[in-house]
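A.B. asks: The structure's right below; bear with me while I get my questions together.
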Amino acid sequence: MEKKVPITRIGKFFGQEDFDLDIDMGQEWLNGDMNFTLVLYKVDKLRTKNDDVYGEVGPDEIQFLPPIEFKAYVKIVEPNNAYMGSTKIVQTEPGNMTFSVYNRELDSLGIDIDLGDYVAYYETETKVRYYSVVNDGKITSDLKHSYGGYKAFYKTYVCTPVSYNEFRGL
Amino acid sequence: MGFPKKIKKYLPLQPEKVLSARREELLNYIREDGTYLPKSVLHADLDRGMLDFVSNELEIFANGKKVPVVDIIITTQNWSQFTETWNFQDLDNNVSPPFISVVRQPEVKYGSLPSLQYTIPNRKQFYYASVPTWDGQRNGMDIYKIPQPVPVDITFSVKIICNRMRELNTFNKTVLQTFSSRQAYTFVKGHYVPIILDNISDESVMDLEKRKYYIQSYNFTMMGFLIDEEEFEVSPAISRVLTVMEFDTELKKGGKKKYPENPDEFEIPLTYAVGTTSFTQNYYFTADLSYISQENIDTYDIYINGDYYGSDLESIQLTSGDELVISITKDNASLESSLVWQAKLL
């Protein structure tokens with residue numbers, strides 16, 4: 001059985017019940033009011049047959065587990081207009097997406113977002129952009145990710161956009 | 001063992017042309033679909049030649065599809081990027097990798113093609129062809145002249161943008177195989193234009209928190225030349241020739257041919273200057289010498305080949321190769337003396 005140690009920090013003013021209450025209120029705001037929905041395409045590493053040398057796969061060859069919707073606080077960086085290397089081809093490169101998810105959301109859905117997983121964000125009813133997770137936010141030891149130093153309560157992920165040539169969902 | 005890709009399903013029935021026949025064939029390429037003169041080859045034609053070369057000779061396939069080539073040279077006018085109907089755009093209308101792009105360095109330098117460098121000064125015109133003409137009354141010819149083409153070096157960067165190392169490998173293999181003999185050729189309006197591989201560099205975007213893709217740049221130098229129709233010269237040739245001949249109408253009697261005299265007898269005068277009393281001479285003919293006259297001479301002694309022959313003789317017999325010495329005693333030593341002999345060849 002897993003050994004548990006009670007957290008008694010700032011216990012004179014704050015406790016697990018307060019913590020749960022605030023998370024409830026936060027989720028009510030995030031899920032009820034904001035309702036930013038993302039779809040996780042978790043890469044099925046067992047079924048995806050990759051290249052023996054480079055570990056690469058071709059278009060539409062990435063196998064993934066059944067997609068799961070989850071709620072998150074989403075921030076998308078504004079696009080950057082730049083040349084594509086030195087090709088003289090101008091393109092507007094979409095910005096990165098940073099999203100934060102309550103740990104409770106992840107636990108309730110039973111998901112774990114890893115480096116390299118794909119996340120879809122529906123910009124309109126028909127336009128969806130896919131991102132690849134480049135920072136899986138596993139380490140939440142910092143104060144920012146804890147509730148006043150009490151316990152960590154969310155994770156922050158950074159994702160970069162991917163082209164359809166790499167991944168395009170279903 | 002891999003199965004060879006290049007399979008000849010039939011053998012050519014007509015042998016390929018070589019030597020002068022091949023040169024005639026190349027000339028026909030240059031004049032194809034046009035006038036007798038070659039067509040202009042200017043910057044845009046060379047650029048198109050490079051695009052065609054990349055599309056055809058550096059063609060690669062990825063995942064069963066041909067990797068598209070951006071079929072224009074990207075310029076400063078951004079809208080021109082979208083004049084082509086590119087079918088490899090993503091949801092943002094950005095070009096979706098993998099694709100190949102050709103970038104030309106704007107500056108075009110004077111060429112390094114050895115056969116054209118600073119050889120003919122002052123744009124001198126050279127005969128190219130004589131073209132028959134007919135003005136409705138008579139046949140004529142036009143003379144076509146062209147100057148030496150101007151060599152140019154154009155630097156191109158061919159860039160492959162892709163997401164996978166395998167695509168990089170495939171393109172790299174194709175380029176290196178094509179340029180294994182240092183240069184390859186593109187075909188521009190009937191002319192073979194050499195292209196040299198200069199350098200390969202990498203510009204891949206590998207930042208952690210950016211969309212990642214490979215960019216590899218292959219720098220080529222096209223050793224081209226410019227042929228400008230504006231510089232051609234067409235001038236009419238001579239269509240009529242008037243030949244004028246002039247003759248001397250006076251009749252002249254043919255004269256007898258004269259030859260220099262070749263007598264059998266001739267005089268041999270010997271002169272003895274003041275202070276000289278001896279005469280020495282080698283004769284290379286056989287003759288009889290007969291005394292004719294003398295002046296201011298008392299006596300004379302004759303030696304042949306160093307042997308004394310006689311004094312005051314009136315005839316001497318000489319054989320070819322003899323050395324004749326005649327020593328005299330003068331009457332008056334302060335005056336010149338002379339002795340004359342008549343030679344008769346035997």
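Laboratory data are not the source of any read-out in this text; all were calculated from the coordinates shown. Keep in mind that what you see is a predicted model, and the values were worked out from it rather than measured. All Cβ positions, even for glycine, are placed from backbone atoms using ideal geometry, and neighbour counts span all protein chains on display.
A.B. asks: Expressed in nm², what is the orientationally averaged projection area of the convex hull enclosing the Cα positions of chain B? It would help to have the intermediate numbers written out before the result.
C.D. replies: Numbers: hull surface 195.7 nm².
So the Cα hull casts an average projection of 48.9 nm².
A.B. asks: Name the chymotrypsin sites (Phe, Trp or Tyr not before Pro) in the range B:115-189 that are in a loop by DSSP and that have at most 11 other C-beta atoms within 10 Å, would you?
C.D. replies: B:Tyr118
A.B. asks: Among the lysines in chain A, how many pairs, 8 or more places apart or on different chains, have alpha carbons under 14 Å apart?
C.D. replies: Pairs that pass both the separation and distance tests number 5.
A.B. asks: Right, here's the next one. With r as the distance between the Cβ atoms of B:Asp248 and B:Phe279 and R0 = 56 Å, compute the FRET efficiency 1/(1 + (r/R0)^6) and round to 0.05. Working shown, then result.
C.D. replies: Numbers: r = 54 Å, r/R0 = 0.97.
Step by step, r from the Cβ atoms, then E = 0.55.
A.B. asks: Please identify, among A:Leu115, A:Leu30, A:Leu65, the residue showing maximal mean-square fluctuation in a Gaussian network model of chain A using a 10 angstrom Cα cutoff.
C.D. replies: Comparing A:Leu115, A:Leu30, A:Leu65 in a Gaussian network model of chain A, the most mobile one is A:Leu65.
A.B. asks: Here is a further query. Equivalent ellipsoid semi-axes for the range A:17-57, as square roots of 5 times the alpha carbon gyration tensor eigenvalues: give them largest first, rounded to whole Å. Each step should come with its number before you reach the end.
C.D. replies: On the way: eigenvalues 325, 34, 10 Å².
Over the Cα atoms of the range A:17-57, the ellipsoid semi-axes are 40, 13, 7 Å.
A.B. asks: Under 16 Å Cα to Cα from B:Lys124, which aspartates and glutamates show up? Leave out anything in the same chain fewer than 8 places away.
C.D. replies: By straight Cα distance, B:Lys124 reaches B:Asp228, B:Glu229, B:Glu230, B:Glu231, B:Glu233.
A.B. asks: Over all alpha-carbon pairs in the range B:90-139, figure out the percentage whose distance exceeds 18 Å.
C.D. replies: The answer is 72 percent, as a whole percent.
A.B. asks: Still on this structure, please answer the following. Between the range A:1-80 and the range B:130-163, how far is it from one alpha carbon centroid to the other, in angstrom?
C.D. replies: So the two Cα centres are separated by 67 Å.
A.B. asks: Highest mean first, what order results for B:210-222, B:99-111, A:68-80 on Cβ atoms within 10 Å?
C.D. replies: B:210-222, B:99-111, A:68-80
A.B. asks: Determine the relative contact order of chain B: mean sequence separation of Cα pairs under 8 Å and six or more apart, normalised by residue count, in whole percent.
C.D. replies: 15 percent
A.B. asks: Okay, next question. From the Cα trace of the range B:180-337, what convex hull volume per residue do you get, rounded to a whole Å³?
C.D. replies: So the per-residue Cα hull volume is 606 Å³.
A.B. asks: Fewest to most neighbouring Cβ within 10 Å: what's the order for B:Lys189, B:Lys66, B:Lys258?
C.D. replies: With the fewest neighbours first, B:Lys189, B:Lys66, B:Lys258 line up as B:Lys258, B:Lys66, B:Lys189.
A.B. asks: If you plug each phi of the range A:80-88 into the Karplus form 6.51 cos²θ - 1.76 cosθ + 1.60 with θ = phi - 60°, what whole-Hz ³J(HN,Hα) values come out, in order, with x for Gly and Pro?
C.D. replies: Karplus-based 3J(HN,Hα) across the range A:80-88 equals 10, 8, 7, 6, 7, x, 10, 7, 6 Hz.
A.B. asks: Would you calculate, for the protein assembly as shown, the mean residue ellipticity at 222 nm contributed by helices, counting each DSSP H stretch of 4 or more residues as -39,500 (n - 2.57) and dividing by all residues, to the nearest 500?
C.D. replies: Values: 5 runs with 61 residues, N = 516.
Here the helix-only value at 222 nm equals -3500 deg cm²/dmol.
A.B. asks: Still on this structure, please answer the following. Could you check the simple spin-label distance between A:Lys138 and B:Leu42, using points 7 Å along Cα→Cβ, in nm with one decimal?
C.D. replies: Label at A:Lys138, label at B:Leu42, 6.3 nm between them.
A.B. asks: Using only the Cα atoms of the range A:36-108, build the gyration tensor, take square roots of its eigenvalues as a ≥ b ≥ c, and label the shape rounded, prolate or oblate: rounded if a/c is under 1.5, else prolate if a/b is larger than b/c, else oblate.
C.D. replies: Values: a/c = 3.16, a/b = 1.14, b/c = 2.78.
Verdict is oblate for the range A:36-108.
A.B. asks: Taking Cα atoms, how many degrees apart are the long axis of helix A:16-27 and the longest axis of chain A, rounded to 10 and kept between 0 and 90?
C.D. replies: 40 degrees
A.B. asks: Still on this structure, I have one more. Which distance in nm do the two modelled labels at B:Leu26 and A:Asn103 give, with both placed 7 Å along the Cα-to-Cβ direction?
C.D. replies: The two pseudo-label positions are separated by 7.8 nm.
A.B. asks: If the convex hull of the alpha-carbon atoms of the range B:143-185 is projected onto planes in all directions, what is the mean projected area in square nanometres?
C.D. replies: Here the figure is 5.2 nm², rounded to one decimal.
A.B. asks: I'd like the Kirkwood hydrodynamic radius of the range B:265-345, using the inverse of the mean 1/r over distinct C-alpha pairs, in Å.
C.D. replies: 12.7 Å
A.B. asks: Take every residue in peptide A:58-69, count the Cβ atoms of other chains within 10 Å of its Cβ, and give the average of those counts.
C.D. replies: Mean partner shielding for this stretch: 1.
A.B. asks: Oh, and also: Among B:Ala21, B:Leu46, B:Thr35, pick out the residue whose Cα is farthest towards the positive end of the charge dipole of the range B:11-52, where Lys and Arg carry +1 and Asp and Glu carry -1 on C-beta, about the Cα centre.
C.D. replies: Highest projection toward the positive end goes to B:Ala21.
A.B. asks: Can you work out D for the range A:16-161 in µm² s⁻¹ from Stokes-Einstein, where Rh is the Kirkwood radius over C-alpha pairs, the temperature is 4 °C and the viscosity is 1.567 mPa s?
C.D. replies: It comes out at roughly 76 µm²/s.
A.B. asks: If we restrict to alpha carbons, what Rg and Dmax does the protein assembly as shown come to, in Å?
C.D. replies: Looking at the protein assembly as shown, its Cα Rg and Dmax stand at 52.7, 173 Å.
A.B. asks: Are there chymotrypsin sites (Phe, Trp or Tyr not before Pro) in the range B:272-329 that DSSP marks as loop and that have at most 11 other Cβ atoms within 10 Å, and which are they?
C.D. replies: Hits after loop and neighbour filter: B:Tyr284.
A.B. asks: Give me P(r) over the range A:82-170, computed from all C-alpha to C-alpha distances, binned every 5 Å, as integer percentages.
C.D. replies: Taking all Cα pairs of the range A:82-170, the binned fractions are 3, 12, 18, 20, 17, 13, 8, 6, 3, 1, 0 percent.
A.B. asks: May I pose another question? Could you please state, rounded to a whole Å, how far the C-alpha centre of the range B:198-215 is from the C-alpha centre of the range A:121-165?
C.D. replies: With the range B:198-215 and the range A:121-165 each reduced to a Cα centre, they are spaced 25 Å.
A.B. asks: Further question: To the nearest 20 debye, what is the magnitude of the charge dipole of the protein assembly as shown about its Cα centre, counting +1 on the Cβ of each Lys and Arg and -1 on the Cβ of each Asp and Glu?
C.D. replies: For this selection, approximately 2840 debye.
A.B. asks: In addition: If I stretch the segment between B:Asp135 and B:Asn296 completely, what's the gain in nm (0.36 nm per residue apart, minus their alpha carbon distance), one decimal?
C.D. replies: Full extension from B:Asp135 to B:Asn296 adds 48.5 nm.
A.B. asks: Please report the net charge: other residues with Cβ closer than 11 Å to the Cβ of A:Ala82, K and R +1, D and E -1.
C.D. replies: On the way: positive: B:Lys210; negative: A:Glu93.
It works out to a net charge of 0.
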